[in-house]
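Notes follow once the structure below has been shown.
The values are calculated or read from the model by the stated rules, or taken from the named source; none is laboratory data. Please read these numbers as outputs of a predicted model, since none were measured by experiment. Cβ: placed from backbone, ideal geometry, glycine included. Neighbour counts: every protein chain shown.
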Amino acid sequence: MNLKIGIIGVGMIGQDHIRRLTTVLAGASVVAVSDVNGAQAETVAAGIGARCYATGEALIAASEVEAIIVTSWGPTHATYVLAAIAAGKPVFCEKPLAETVEDCEAVLDAEVRHGKRLVQLGFMRRFDSQYRAMKETLRSGIIGAPLIFQSGHRNPSVPGYYTANNALTDTAVHDIDTARFLLDDEPVAISVKSPRKNSRGGALADPLLTLLDMRSGALVTIETSVNIAYAYDIRGEIIGETGVVTLAERNDVVVKANGVFSGRVPADWKERFSTAFDTEFREWIAAARAGGATGPSSWDGYVATAVTTTGVKAIASGAREPIKLRERPALYA
Ligand SMILES: NC(=O)c1ccc[n+]([C@@H]2O[C@H](COP(=O)([O-])OP(=O)(O)OC[C@H]3O[C@@H](n4cnc5c(N)ncnc54)[C@H](O)[C@@H]3O)[C@@H](O)[C@H]2O)c1
């Protein structure tokens with residue numbers, strides 16, 4: 001029997017996940033959708049033969065819905081995740097878990113009280129084969145203990161409303177989670193610097209260079225360039241005590257012509273991470289069918305928000321800001 005899924009928020013990524021669940025992956029059916037834009041919800045529901053619910057809460061409560069995907073706007077996530085936990089249903093939530101540390105903590109408390117993981121966060125890089133190979137390499141011991149992780153996140157352009165704070169909360173948040181995932185380490189402090197501005201971004205402070213001090217003493221640098229024109233390019237290298245591991249260029253082919261060799265750089269995050277999203281949902285469907293979750297947890301969502309909100313403070317202060325984390329509950333060991 002297919003897992004019966006309800007999706008709250010059927011905008012850009014909600015619709016992309018519907019495409020993935022209905023045309024790429026097996027084992028799940030989208031039976032319900034809800035969106036504050038009722039007309040959009042009706043159109044999407046009609047396209048896949050799903051039922052349209054007037055509110056996210058009604059969708060979560062519906063007996064036909066076995067698992068929930070939350071792809072609405074960030075400030076609405078925590079309310080729906082809490083309702084899903086109260087209903088005892090597995091819930092996949094795109095980042096952020098919540099925009100404030102307090103709201104993230106409310107989710108941690110509710111899930112811990114429930115006694116079992118139900119929540120999975122949408123940090124899809126953890127399902128990317130290249131990052132997984134990087135982690136495996138580190139685990140094998142061949143490059144020794146990690147000293148530095150350098151992450152690069154380059155976007156061709158961003159809309160006019162995008163701010164330097166967005167560079168942390170919407171963009172670098174993925175690099176922050178990746179650093180924690182790869183290094184099995186937690187950040188203890190954050191500093192954010194910017195060089196002279198990329199003239200393509202007007203008044204926007206771009207690029208940003210974020211430095212995370214990790215508990216082990218390792219350092220993480222994150223370059224966030226959001227107006228770099230040439231393509232969407234994700235860089236990563238871990239420097240260890242005896243070697244380095246670097247994300248390779250990921251082309252299927254290299255073209256050699258006219259005296260140069262070349263390959264494609266992805267146009268955007270959808271192209272770069274499409275396989276990672278597929279794997280993410282394949283593994284989530286399996287876990288949700290068993291009544292739970294896998295991979296990035298509420299704890300990871302909580303830490304991400306704690307780091308980005310402290311980072312926003314660091315942008316304003318220009319100082320190195322300590323990151324305060326509560327003790328990790330045993331549920332997330
Ligand atoms: N993992 C990733 O790399 C990634 C990529 C893109 C977006 N996201 C996250 O996904 C979320 C959605 O992003 P998007 O780009 O699809 O945005 P979007 O604006 O295209 O879609 C969001 C939809 O949610 C609906 N909505 C808003 N509030 C609602 C509510 N209270 N109840 C029900 N529906 C509501 C809106 O009407 C809209 O249709 C954001 O939190 C974003 O950060 C993650």
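Filtered by the rule that a residue be in contact (Cβ under 8 Å) with a residue 60 or more places away in the chain, under 23 Å from the mean Cα position of the chain (by Cα) and either surrounded by 19 or more Cβ atoms within 10 Å (Cβ to Cβ) or under 22 Å from Arg215 (Cα atoms) (or both), the range 125-145 gives Arg125, Arg126, Phe127, Asp128, Tyr131, Met134, Thr137, Leu138.
Kindly evaluate Ala276 against the criterion of being assigned to a helix (DSSP H, G or I) and touching a Cys at 6+ places or on another chain (Cβ under 9 Å). No; evaluated as a whole, the condition is false for this residue. Just one of the listed residues (Asp268, Asp252) is under 23 Å from Met134 (Cβ atoms) and within 15 Å of the ligand (Cβ to nearest atom), and it is Asp268.
In the range 23-49, which residue that is within 11 Å of the ligand (Cβ to nearest atom) and surrounded by 16 or more Cβ atoms within 10 Å (Cβ to Cβ) is nearest to Pro75 (Cα to Cα)? My answer is Asp35.
The set of residues from the range 279-294 being buried (at least 20 other Cβ atoms within 10 Å of the Cβ) and either within 13 Å of the ligand (Cβ to nearest atom) or without any contact (Cβ under 8 Å) to a residue 40 or more places away in the chain (or both) comprises Glu280, Phe281, Trp284. Within the range 114-124, the set of residues being more than 16 Å from the ligand (Cβ to nearest atom) and in contact (Cβ under 8 Å) with a residue 60 or more places away in the chain comprises Gly115, Lys116, Arg117, Leu118. So is Glu111 crowded, with 19+ Cβ neighbours inside 10 Å, more than 16 Å from the ligand (Cβ to nearest atom) and under 22 Å from the mean Cα position of the chain (by Cα) or not? Criteria met by Glu111.
Taking the numbered list (1) polar (S, T, N, Q); (2) modelled with pLDDT of 95 or more; (3) farther than 15 Å from Ile315 by Cα in turn, Thr210 passes all entries but (3). For the range 50-107, which positions are among the acidic types (Asp, Glu) and within 14 Å of the ligand (Cβ to nearest atom)? Matches in the range 50-107: Glu57, Glu94, Glu99, Asp103.
In the range 1-16, which residues are more than 9 Å from the ligand (Cβ to nearest atom) and surrounded by fewer than 22 Cβ atoms within 10 Å (Cβ to Cβ)? The answer is Met1, Asn2, Leu3, Lys4.
The criterion of being crowded, with 16+ Cβ neighbours inside 10 Å, free of Cβ contacts under 8 Å to residues at least 24 places away in the same chain and either assigned by TED's automatic domain parsing to the domain that holds Gly243 or within 16 Å of the ligand (Cβ to nearest atom) (or both) holds for Asn166.
Within the range 254-278, no residue that is touching a residue at least 40 places away in the same chain (Cβ under 8 Å) and not assigned by TED's automatic domain parsing to the domain that holds Asp233 sits with its Cβ atom under 6 Å from a residue that is in a loop (DSSP other than H, G, I, E, B) and exposed (fewer than 11 other Cβ atoms within 10 Å of the Cβ) at 6+ positions apart or across chains.
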